[in-house]
Amino acid sequence: PTMAHSKTLLVLENFIGGRFVPCSSYIDSYNPSTGDVYCRVPDSGKEEVEAAVKAAKDAFPVWSSKSPLERSQILNKLADLIEHDLEAFAQAESKDQGKTITFARTVDIPRAVHNFRFFASSILHHVTECTEMPTMGCVHYTSRAPVGVAGLISPWNLPLYLLTWKIAPAIACGNTVVAKPSEMTSVTAWMMCKLLEKAGVPPGVVNVVFGSGAKAGEALVCHPDVPLISFTGSTLTAQRITEKSAPHCKRLSLELGGKNPAIIFDDADLSQCIPTTVRSSFANQGEICLCTSRIFVQRGIYSEFLKRFVAEAKKWKTGDPSDPTINVGALISKEHLEKVRNYVKKAQAEGARVLCGEGVDPLALPPGNQKGYFMLPTVITEVKDESCCMQEEIFGPVTCVVPFDTEEEVIKRANGVKYGLAATVWSGNVGRVHRVAHRLQSGLVWTNCWLVRDLNLPFGGMKASGIGREGAKDSYEFFTEVKTITIKH
Ligand code: NAD
């Protein structure tokens, strides 16, 4: 960037012990819709993580001894403050991530607010267990206590949404935290830090250290005084975190990638199924771990489905994310766009057909967005189950559509990947819906809908999609240590 340009750069600082502290070196952060560097993110390492862990340790005794009600009131206050600034947060998230302003306004930021309200409430309603053993003259009961300093590491696709999904339960349970957002999308976490004091969050309870995964993330994972790590991101990074944390026997929660199937039977209500499956394939540029990327359609309706699905996908407008009429914004980075495009090229090389989108339809962009990382919603067909496009997580606006004949066959094919995060099943037959849902290897199964969440219930994946679950009870259990106490009378 030129000097004139650098004056306008947004410069973030770490938030440690209730204070913003500058860092000695920085990472450039790009606006994905223009390709310009617009922000500098601290390139933290061991030293910064050390300071943040110390601040979190110091804050733990007081925070952990507050009553759940006191903590709940503070979480609610923080929710109110974020909600008050919803528009500013939404603008920042859209600019930083490339997502549409509409998605940031209606999904990301409202959900971040809801995460704090939800755990502010749910923390008040947990009960512990008790059993009696009259013949021994004993009662047993369980007690739960916060664990200590929680290390929270989040990805770039739903930045504030996923970070607050960890911060809220961690601090509601009485832990203190050191959070490390993605170096590509750090701005809204930094904005949230500015509200913590006003909400009444004591210094050191929430510390945010910005920087890369290799430096800041790994320093957090390897820190001996951080007994638990909650991570959302790729399966590859999770493997590395597992190895690095093994010598310390850390408690891990891992929310990872997916290769999510949609199974569409010939009795599905296509008027509901088609728009929802277009949304589940392309929402947030396909950059949601829950996005559909393999669509299995029963043979009898296959050609009708394809025709209507492609027509619906073509209605989705790609362009300037700040334009509220746009459906598809920019992908996170130049490298990621290249990676996603390469999957389409590989499919074509294998003999698959691209019915719309990348390389088939023209992409018209406004002058200011010519250097942005845009791509049209892309539908691929005539692709084999063994193809990398049907096996690997693409994490972009690309979906594959293939036919199937029987229920038995489609269950086997849907389960035939290493991942097991989310699936959708479309059918009007209640018995079939239950049968198929039970047999899918998937942490979440949505039938005749997509992404309808009750935060009370477990969220997470099977197989390479993760270890552990998050949700009201699950997050409570993860972020607390249980003890069984026996009293003889
Ligand atoms: P990523 O694994 O590259 O990065 C995630 C976070 O981990 C970032 O903050 C990164 O800086 C950090 N990190 C990277 N290397 C690290 C290391 N060695 N030690 C510690 N931290 C490290 O993932 P991403 O590209 O940011 O996100 C996309 C991935 O996240 C996709 O695979 C997607 O499916 C997954 N995801 C999963 C869920 C879920 O709930 N299951 C939700 C959203 C995204």
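For the reader, a short list of remarks on this structure follows.
- In the stretch 137-174, of all residues being touching a helix residue (DSSP H, G or I) at 6+ places or on another chain (Cβ under 7 Å) and under 18 Å from Val482 (Cβ atoms), the one that is surrounded by the most Cβ atoms within 10 Å (Cβ to Cβ) corresponds to Pro169.
- Within the stretch 282-327, considering residues that are open to solvent by 50 Å² or more (accessible area, probe 1.4 Å) and in a helix (DSSP H, G or I), the one nearest to the ligand (Cβ to nearest atom): Lys314
- Listed by first and then second residue, the pairs linking a residue in the stretch 176-199 that is under 16 Å from Ser212 (Cα atoms) to a residue that is near the ligand (Cβ under 9 Å from one of its atoms) and part of a helix (DSSP H, G or I), with Cβ atoms under 7 Å apart and 6 or more places separating them unless they lie on different chains, are Val178/Leu220; Lys180/Ala216; Lys180/Gly217; Lys180/Leu220.
- Matching option when the condition is closer than 19 Å to Ser44 by Cβ, hydroxyl-bearing (Ser, Thr, Tyr) and not in a loop (DSSP other than H, G, I, E, B), among Thr242, Thr164, Thr237: Thr237
- In summary, helices (runs of 4 or more DSSP H) completely within the stretch 354-441 and bearing 1 or more residues that are closer than 18 Å to Arg299 by Cα and touching a helix residue (DSSP H, G or I) at 6+ places or on another chain (Cβ under 7 Å) occur at 407-414, 430-439.
- Listed by first and then second residue, the pairs with beta-carbon distance under 9 Å, at least 6 apart or on different chains, first residue in the stretch 44-60 and of a type in the set (Phe, Trp, Tyr), second crowded, with 23+ Cβ neighbours inside 10 Å, are Phe60/Val149; Phe60/Gly174; Phe60/Asn175; Phe60/Thr176; Phe60/Gly204; Phe60/Val205.
- In the stretch 63-116, the residues that are basic (Lys, Arg), part of a helix (DSSP H, G or I) and open to solvent by less than 40 Å² (accessible area, probe 1.4 Å): Arg71, Arg111
- Evaluating Glu48 against the criteria (1) touching a Phe, Trp or Tyr at 6+ places or on another chain (Cβ under 9 Å); (2) at positive phi leaves one unmet condition, (2).
- Being in contact with a Leu (Cβ under 6 Å, 6 or more places away or on another chain), among the polar types (S, T, N, Q) and within 10 Å of the ligand (Cβ to nearest atom) is not true of Ser182.
Yes/no matrix, rows are residues, columns are (1) more than 16 Å from Val149 (Cβ to Cβ); (2) polar (S, T, N, Q); (3) out of contact with any Ser or Thr (no Cβ under 9 Å at 6 or more places or on another chain):
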{"site": "Met192", "(1), (2), (3)": "yes, no, no"}
{"site": "Glu197", "(1), (2), (3)": "yes, no, yes"}
{"site": "Gly217", "(1), (2), (3)": "no, no, no"}
{"site": "Asp225", "(1), (2), (3)": "no, no, yes"}
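- Residue check for Ser25: in the same structural domain as Met192 (by the TED database), open to solvent by less than 80 Å² (accessible area, probe 1.4 Å) and without any contact (Cβ under 8 Å) to a residue 12 or more places away in the chain: no
- Matching residues, the stretch 117-135, being assigned to a helix (DSSP H, G or I) and either open to solvent by less than 50 Å² (accessible area, probe 1.4 Å) or touching a helix residue (DSSP H, G or I) at 6+ places or on another chain (Cβ under 8 Å) (or both): Arg117, Phe118, Phe119, Ala120, Ser121, Ser122
- Residue-level check: of (1) away from the ligand (no atom under 16 Å from the Cβ); (2) touching a residue at least 24 places away in the same chain (Cβ under 8 Å), Ala349 misses just (2).
- Subset of the stretch 185-205 [within 16 Å of the ligand (Cβ to nearest atom) and open to solvent by 10 Å² or more (accessible area, probe 1.4 Å)]: Trp190
- Hey, Val226 more than 29 Å from Ile380 (Cβ to Cβ), crowded, with 23+ Cβ neighbours inside 10 Å and not polar (S, T, N, Q) or not: yes
- Candidates are the residues of the stretch 239-265 that are surrounded by fewer than 22 Cβ atoms within 10 Å (Cβ to Cβ) and of a type in the set (A, V, I, L, M); the one that is farthest from the ligand (Cβ to nearest atom) is Ala246.
The values are calculated or read from the model by the stated rules, or taken from the named source; none is laboratory data. Given the structure is predicted, the values throughout are model-derived calculations rather than measurements. All Cβ positions, even for glycine, are placed from backbone atoms using ideal geometry, and neighbour counts span all protein chains on display. Each accessible area value is taken on the protein alone, full model and side chains, heavy atoms only, with ligands, DNA and RNA left out. Shrake-Rupley method; radii C 1.70, N 1.55, O 1.52, S 1.80 Å.
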